[in-house]
Amino acid sequence: MKQFKTVLFLLFATSVLSFGQFKLPELQFKYSALEPYVDSTTMYIHYNFHHAAYVSNLNKALEKYPELYKKDILQLIQGLDELPADIKTAVRNNGGGFYNHSFFWSVLAPAGTANMSPKMEKILVTNFKSVDAFKAEFEKAALGRFGSGWVWLIKEPSGKLRITSTPNQDNCFMPNAEVKGRPMLTLDVWEHAYYLKYRNKRADYAKAFWNVVNWTEVEKLIEQK
Ligand code: MN3
């Protein structure tokens, strides 16, 4: 009985302690859903090891300051400058990693399931002259990002759409970002995102990406005020 009570107490304590901690969001598609453009193995490793590690390292970084678990991820990364100095870098890297990957999965969809609507096409034409010009500029930004990072289509505070890129796990919400705005679409250009299938050919990976963009979601984001 005593042992049973101890177990109950431990279960209770664990659930209380884990309250408010960040969790790996559920993936809305199967690991194999993006084949052949993104292979299952890469998807599995990327989600279960890379993304999961950012989440657990973010939680670990916040252990010393549990009141910070009450903030949401955007409050944390937008408020990086106000964080205690000893966890700022960890939150920047792991909070960024947590947010960026969660967002990335949300703008991916199996090929042919979330195609570009005429309205979406018009938005791109208005902002970038043509869909091809938009894609070319995005791919150029993917290749132009030296080392690891992300390419973004963002909506600037003025409402204008713009392509930009960030190093490491930074994003356009962070106080240090050169260009600020809300993400509408992103591509992870870390080697872990493509190396198994594409080896060193980042350009091929960036081109293949167009087959798995969730344009329905991107359009929804752009239409939001
Ligand atoms: Mn990644």
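Just a few scattered comments:
- Residue check: Met116 meets all listed conditions (1) part of a loop (DSSP other than H, G, I, E, B); (2) open to solvent by 50 Å² or more (accessible area, probe 1.4 Å) but one, namely (2).
- Residue that is nearest to the ligand (Cβ to nearest atom) [pool: residues in the stretch 148-202 that are polar (S, T, N, Q), open to solvent by 10 Å² or more (accessible area, probe 1.4 Å) and part of a loop (DSSP other than H, G, I, E, B)]: Ser148
- Of all residues in the stretch 83-113, those satisfying the criterion of being away from the ligand (no atom under 16 Å from the Cβ) and open to solvent by 20 Å² or more (accessible area, probe 1.4 Å) are Pro84, Ala85, Asp86, Lys88, Thr89, Ala90, Pro110, Ala111, Gly112, Thr113.
- Test: residue in the stretch 110-133 that is of a type in the set (A, V, I, L, M, F, W, C) and farther than 22 Å from Gln224 by Cα: yes
- Phe138 meets all of the listed conditions (1) open to solvent by 30 Å² or more (accessible area, probe 1.4 Å); (2) out of contact with any Lys or Arg (no Cβ under 7 Å at 6 or more places or on another chain); (3) assigned to a helix (DSSP H, G or I) but one, namely (1).
- Selection count, the stretch 143-186, where residues are farther than 21 Å from Leu83 by Cα, among the aliphatic types (A, V, I, L, M) and touching a Leu at 6+ places or on another chain (Cβ under 9 Å): 7
- Top-ranked residue in the stretch 1-33 [being more than 26 Å from Leu74 (Cβ to Cβ) and at pLDDT 95 or above; ranked as surrounded by the fewest Cβ atoms within 10 Å (Cβ to Cβ)]: Lys30
The rows are residues; the columns are (1) out of contact with any strand residue (DSSP E or B) (no Cβ under 7 Å at 6 or more places or on another chain); (2) small (Gly, Ala, Ser); (3) under 21 Å from Asn214 (Cα atoms).
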residue: Met116; (1), (2), (3): yes, no, yes
residue: Glu121; (1), (2), (3): yes, no, yes
residue: Leu124; (1), (2), (3): yes, no, yes
residue: Ser130; (1), (2), (3): yes, yes, yes
residue: Lys135; (1), (2), (3): yes, no, yes
residue: Ala141; (1), (2), (3): no, yes, yes
residue: Gly149; (1), (2), (3): no, yes, yes
residue: Leu153; (1), (2), (3): no, no, yes
residue: Val179; (1), (2), (3): no, no, no
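- Residue in the stretch 42-82 that is farthest from Phe103 (Cα to Cα), counting only those that are away from the ligand (no atom under 16 Å from the Cβ) and among the aromatic types (Phe, Trp, Tyr): Tyr65
- Among the residues of the stretch 22-72, those that are of a type in the set (Ser, Thr, Tyr) and more than 28 Å from Leu83 (Cα to Cα) comprise Tyr31, Ser32, Tyr37, Ser40, Thr41, Thr42, Tyr44.
- Residue in the stretch 127-134 that is within 15 Å of Ala206 (Cα to Cα), within 16 Å of the chain's Cα centre (by Cα) and not in a loop (DSSP other than H, G, I, E, B) present: no
- Residues within the stretch 55-64 that are open to solvent by less than 50 Å² (accessible area, probe 1.4 Å) and either not β-branched (Val, Ile, Thr) or not assigned by TED's automatic domain parsing to the domain that holds Arg92 (or both), tallied: 4
- Test: residue in the stretch 76-90 that is closer than 27 Å to Ala208 by Cβ, of a type in the set (Ser, Thr, Tyr) and modelled with pLDDT of 95 or more: no
The values are calculated or read from the model by the stated rules, or taken from the named source; none is laboratory data. Keep in mind that this is a model prediction, so the values were computed, not measured. Positions of Cβ are generated from backbone atoms using ideal geometry, with glycine treated the same way; all protein chains shown enter the neighbour counts. Just so you know, the surface numbers come from the protein's heavy atoms only, side chains and all, with ligands and any DNA or RNA stripped out. Shrake-Rupley method; radii C 1.70, N 1.55, O 1.52, S 1.80 Å.
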